[in-house]
1. Here's a check for you: in the range 58-89, which residue that is surrounded by 15 or more Cβ atoms within 10 Å (Cβ to Cβ) and of a type in the set (A, V, I, L, M, F, W, C) is nearest to Gly284 (Cα to Cα)?
2. Against the definition (closer than 24 Å to Leu50 by Cβ, at pLDDT 95 or above and small (Gly, Ala, Ser)), how does Gly148 come out, yes or no?
3. Read through the list (1) away from ligand 2 (no atom under 16 Å from the Cβ); (2) hydroxyl-bearing (Ser, Thr, Tyr); (3) at pLDDT 95 or above, then give the number of the only condition that Thr286 fails.
4. Could you tell me which numbered condition Ala41 fails, if it satisfies all but one of (1) free of Cβ contacts under 8 Å to residues at least 40 places away in the same chain; (2) surrounded by 14 or more Cβ atoms within 10 Å (Cβ to Cβ); (3) within 23 Å of the chain's Cα centre (by Cα)?
5. Looking only at the range 386-401, decide whether some residue is within 31 Å of the chain's Cα centre (by Cα), more than 30 Å from His23 (Cα to Cα) and in contact (Cβ under 8 Å) with a residue 40 or more places away in the chain.
6. Kindly provide the set of residues from the range 1-28 that are within 19 Å of the chain's Cα centre (by Cα) and either within 28 Å of Ile350 (Cβ to Cβ) or not in a helix (DSSP H, G or I) (or both), ordered by number.
7. Scan the range 239-279 residue by residue and report those that are within 16 Å of ligand 2 (Cβ to nearest atom) and either without any contact (Cβ under 8 Å) to a residue 12 or more places away in the chain or touching a Ser or Thr at 6+ places or on another chain (Cβ under 6 Å) (or both).
8. Out of curiosity, is Val324 within 14 Å of ligand 1 (Cβ to nearest atom) and either in contact with a helix residue (DSSP H, G or I) (Cβ under 7 Å, 6 or more places away or on another chain) or hydrophobic (A, V, I, L, M, F, W, C) (or both)?
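The values are calculated or read from the model by the stated rules, or taken from the named source; none is laboratory data. Note that the coordinates shown come from a computational prediction; the quantities given were computed from them, not determined experimentally. Here Cβ is always computed from backbone atoms with ideal geometry, including for glycine, and neighbour counts include all displayed protein chains.
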Amino acid sequence: MRLSRYFLPVLKQNPSEAQIASHRLMLRAGMLRQEAAGIYAWLPLGHRVLKKVEQIVREEMDRAGAIELLMPTLQLADLWRESGRYDDYGAEMLRITDRHDREMLYGPTNEEMITEIFRAYVHSYKDLPKNLYHIQWKFRDEQRPRFGVMRGREFLMKDAYSFDLTEAAGRASYNQMFVAYLRCFSRMGLKAIPMKAESGPIGGDLSHEFIVLAQTGESAVFLDKRMLDLPVPGEDVDYGADLTPILDEWTHLYAATEDVHDAERYERETPEAERLTARGIEVGQTFFFGDKYSRPMKANVQGPDGVDTAVQMGSYGVGVSRLVGAIIEASHDDAGIIWPDPMAPFGVGIVNLRPGDPEVDEACERAYAALTAAGKEPLLDDTAERPGGKFATMDLIGLPWQLIIGPRGLADGVVEIKRRATGDRQTLPLAAAVRTICE
Ligand SMILES: Nc1ncnc2c1ncn2[C@@H]1O[C@H](COP(=O)(O)OP(=O)(O)OP(=O)(O)O)[C@@H](O)[C@H]1O
Ligand SMILES: [Mg+2]
C-alpha cells in the first residue's frame, strides 16, 4: 500500500475523550472513529488488524474441529421467550419492532438461535459431537460504554456452541475449546490466563474467563505467578486425545477474578512469593451448561438406547474487537503502538525521505516490490511530509519494521532499518535490509 493513496487520518493531538492508552492510540493512529456512544467505524488501518484477529481465531477454531457458519444480528423475541431469557436479559438488550409490529432484538449472544438451528436438523446421537461457531457483531446496551473498543455497545464476537450426547462428552468438547483459546491468545502475543468464573446470564456451573493482565483492566485478579510461565500447547496438539492433563496443568494453580476470589484459599494454596495481585481484561469466556437451553427448547437427540435426551451444550466467546484494544494495552510505549508481528496491519513501513528524487524513488519501489513478493505487506510512505513527521507516524502506527531510504545513505550504498519493539537500528545495503526484514 502507498500512503499517498491510503486513508490514514492520524491525529497530532491526544483526543480528550480517551482515558486509556489503547483508546487514545487507536484514535490517534486513525484506526477508529466513534459514531455513537460505544459504536465505532473501523477505519482502514483498524480494519486490517481486526481481520487479523478474526483470522487467527478462525484458524484455531477450525483446527479444534469447530465449523463456521453465520447467523444474523437480528433475532425474533419469540425465540428468546422459549428459553425464558427475553424478560431476564433486561436493559442491555436492544429491542426493536419491525413494520409488522413484530418484536425483534439485536443479538447480544446466540445460544437460542443456534439451539433452534440444531434442533431443526439433528435428531440422532450419530450426528454428534458438533461444534458450530460464527464471528458476528453483537449489541449490548452497556450502561457505561467506555475505553473505546474495550467496552463497546456494538462489538465483534466469536461465539462457538458445542453439542454432545453425554455430560462427559460435553466436558471433552469444553476442553477442546479451552486448549484452542490458549493457542489463540498466545498466537496474538498475549498471555491470557484462564480463571475460574461465574457464568452469569449464560448459565451453567463450569466456566473460565481468559484474562490478559493490564493495569487498565476492569477487574482485579489474584493469581499464582507461575501461571505466567505455563507452556501453551503447540500446533500439533491432538484434539482427538484426552485433553484433561492440559486442563489440569492450567487450572491447578490459583487464579481468580475478584467476583469469585476466595482469599483464604488463595493464601492457603499460593506461597507468598508466588502471589500476584493485578488487573485484567477479559478476552474470552468458556461455559459448559448442559441442558439449560436444550431442555426448554426441546433440542433432543435419540441415544443408542433409542431414548430421546436433551443435548449437552457449551458456549465459548472471544471478544474479537476487544482484543485489538487488549493487544495495544499489552504492547505500546510513549511514541505509539508496538504490534506483535502476527497482528501488525502492515509488516513494514518504508520511509521515502525524499520523494521525487529518482534514485530514492527507485530504491523505494525496489524494496516495495521485494517485500510485497515476500508477503511482508509493506506500507510505503511516499508522501511529501517532512521526515520528522514520517518517523512520528511510523512509530505511532507501530509496524514491526521501518525501512528508511534517503539520498545520503544511498550515496554510500546503504539504507537504515529500525525494529519498532526494541528501537534497534542497522545501516546496511538495501538487499541485506530486505533479507533481514524477511527473516
Ligand atoms: N461490551 C463489550 N465490548 C467489547 N467486547 C465485549 C463486550 N462484552 C463482552 N465482550 C467480549 O465478548 C466475550 C464473550 O462475552 P461474555 O458474554 O463472556 O461477556 P461478559 O462476561 O458479559 O463480558 P464483561 O464481563 O466484560 O461485560 C467477552 O469475554 C469479551 O471479550
Ligand atoms: Mg464473560
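1. Met61
2. Answer is yes for this residue.
3. If we test Thr286 against (1) away from ligand 2 (no atom under 16 Å from the Cβ); (2) hydroxyl-bearing (Ser, Thr, Tyr); (3) at pLDDT 95 or above, just (1) comes out false.
4. (2)
5. No, the range 386-401 contains no residue that is within 31 Å of the chain's Cα centre (by Cα), more than 30 Å from His23 (Cα to Cα) and in contact (Cβ under 8 Å) with a residue 40 or more places away in the chain.
6. Of everything in the range 1-28, those that are within 19 Å of the chain's Cα centre (by Cα) and either within 28 Å of Ile350 (Cβ to Cβ) or not in a helix (DSSP H, G or I) (or both) turn out to be Ile20, Ala21, Ser22, Arg24, Leu25, Met26, Leu27.
7. Within the range 239-279, Thr257, Glu258 meet the criteria.
8. So Val324 fits the description; yes.
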